[in-house]
Amino acid sequence: MNSVDQAKSMARKLRSALAKGDKDISHSEALELVANTLGYSDWNTASAKLDGAVSNAISFGKISPIIRIFDEAKAREFYCGFLGFEVAFEHRHEKQLPLYMGVERAGALLHLTEHHGDASPGSNVFLPTQEIRMFHKELSDKQYSFGRPDLEELPWGLQIQVHDPFGNRIRFCE
């Protein structure tokens, strides 16, 4: 565990699991429980230490690649159905206008857009991945009719390359 976002995700999952058993706790209570579980005295201490000490050095946040899509149903089938991402947000300026949607899974956030000027089709996204063999088995077990990605041993790591229905590639690599 090395990020505040991961700890917050744990707190959301804890609240959800407890709610299924008719036990309701506040988000702040869940954060305190997660902090204690991770060995910190309280949430404030955990949040200060999880992302490291504040520094004056240049720092970059997480990236969110923007990927061009042309068909909402196909995008949902591929990114959510096949790859197992979940919709994080959706936006349209008006009902009949193009979709801008975020999908996330295990800390990765991809932005999918139908807007003409946002991204070019044929993009290539490199996504560092842990437990890639487990992910490969999950994908293989789905018997996706439009692609059966291989697990490749390359000089820089073990990699799965998938192609979405719009000509974009995603390279998951461990």
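For every other residue with a beta carbon closer than 12 angstrom to the beta carbon of THR113, add +1 if it is Lys or Arg and -1 if Asp or Glu, then tell me the sum.
Numbers: positive: ARG68, ARG92; negative: GLU72, GLU90, GLU114, ASP118.
Every neighbour counted, the sum reads -2.
Taking the Cα-to-Cβ direction at ARG148 and at THR37 and moving 7 Å from each Cα, how far apart do the two end points lie in nm?
3.8 nm
What lysines could a cross-link reach from LYS95, if we take a straight Cα to Cα line under 21 Å and drop same-chain neighbours fewer than 8 places away?
LYS74
Compute the whole-percent fraction of alpha carbon pairs in segment 1-71 spaced more than 19 Å apart. Intermediate values should be presented prior to the final figure.
Details: 1177 of 2485 pairs.
That tail contains 47 percent of the Cα-Cα pairs.
Starting from the Cα gyration tensor of segment 84-130, take the square roots of the eigenvalues, sort them a ≥ b ≥ c, and report rounded, prolate or oblate (rounded when a/c is under 1.5, otherwise prolate if a/b is larger than b/c, else oblate). Write down the numbers at each step before the final one.
Details: a/c = 3.86, a/b = 1.49, b/c = 2.59.
Verdict is oblate for segment 84-130.
Less than 13 Å Cβ to Cβ from ASN36, Lys/Arg counted +1 and Asp/Glu -1: what total charge do the surrounding residues give?
Working: positive: none; negative: GLU29, GLU32, ASP42.
Its environment carries a net charge of -3.
Give me the percent of accessible area attributable to carbon and sulfur for the chain, probe 1.4 angstrom.
Working: 5770 of 11160 Å².
Carbon with sulfur: 52 percent of the solvent-accessible area.
What does the C-alpha gyration tensor say about the overall shape of segment 36-141? Classify as rounded when a/c is under 1.5, otherwise prolate if a/b is larger than b/c, or oblate. Write out the running numbers ahead of the final one.
Values: a/c = 2.13, a/b = 1.56, b/c = 1.36.
Note, shape of segment 36-141 comes out prolate.
In straight Cα distance, which lysines are under 24 Å from LYS23, not counting same-chain residues fewer than 8 positions off?
Filter leaves LYS8, LYS13.
Working out 0.36 nm times the residue gap between SER9 and GLN96, then minus their Cα-Cα distance, what length gain in nm do you get to one decimal?
Working: separation 87, 0.36 × 87 = 31.32 nm, distance 3.31 nm.
Roughly 28.0 nm would be gained on extension.
Work out the FRET efficiency for ASP71 and LEU109 from their Cβ-Cβ distance, taking R0 = 25 Å, and round it to the nearest 0.05.
Working: r = 21 Å, r/R0 = 0.84.
Computed FRET efficiency for ASP71 and LEU109 comes out at 0.75.
What is the Cα radius of gyration of segment 130-171 over 2.2 N^0.38 Å, N being its residue count?
Details: Rg = 10.6 Å, N = 42, 2.2 N^0.38 = 9.1 Å.
With N residues counted in segment 130-171, Rg over 2.2 N^0.38 Å equals 1.17.
Stretched out fully, how many nm does the piece from ASP24 to GLU86 gain, at 0.36 nm a residue minus the Cα gap? Write down the numbers at each step before the final one.
Details: separation 62, 0.36 × 62 = 22.32 nm, distance 2.42 nm.
Contour length minus Cα-Cα distance gives 19.9 nm.
Can you compute 3J(HN,Hα) from phi for each residue in segment 144-150, using the Karplus curve 6.51 cos²θ - 1.76 cosθ + 1.60 with θ = phi - 60°, rounded to whole Hz and x for Gly and Pro?
For segment 144-150, the Karplus-derived couplings read 4, 6, 9, x, 10, x, 8 Hz, x marking Gly and Pro.
When the helix-only estimate is applied to the chain (DSSP H runs of n ≥ 4, each -39,500 (n - 2.57), divided by the residue count), what is the mean residue ellipticity at 222 nm, nearest 500 deg cm²/dmol?
Details: 5 runs with 50 residues, N = 174.
Only helices count here, giving -8500 deg cm²/dmol.
The values are calculated or read from the model by the stated rules, or taken from the named source; none is laboratory data. Because the structure is a prediction, the values reported are computed rather than measured. Backbone-built Cβ (ideal geometry, glycine too); neighbour counts: all protein chains shown. Side chains included, ligands, DNA and RNA excluded: accessible areas come from the protein's heavy atoms. Shrake-Rupley method; radii C 1.70, N 1.55, O 1.52, S 1.80 Å.
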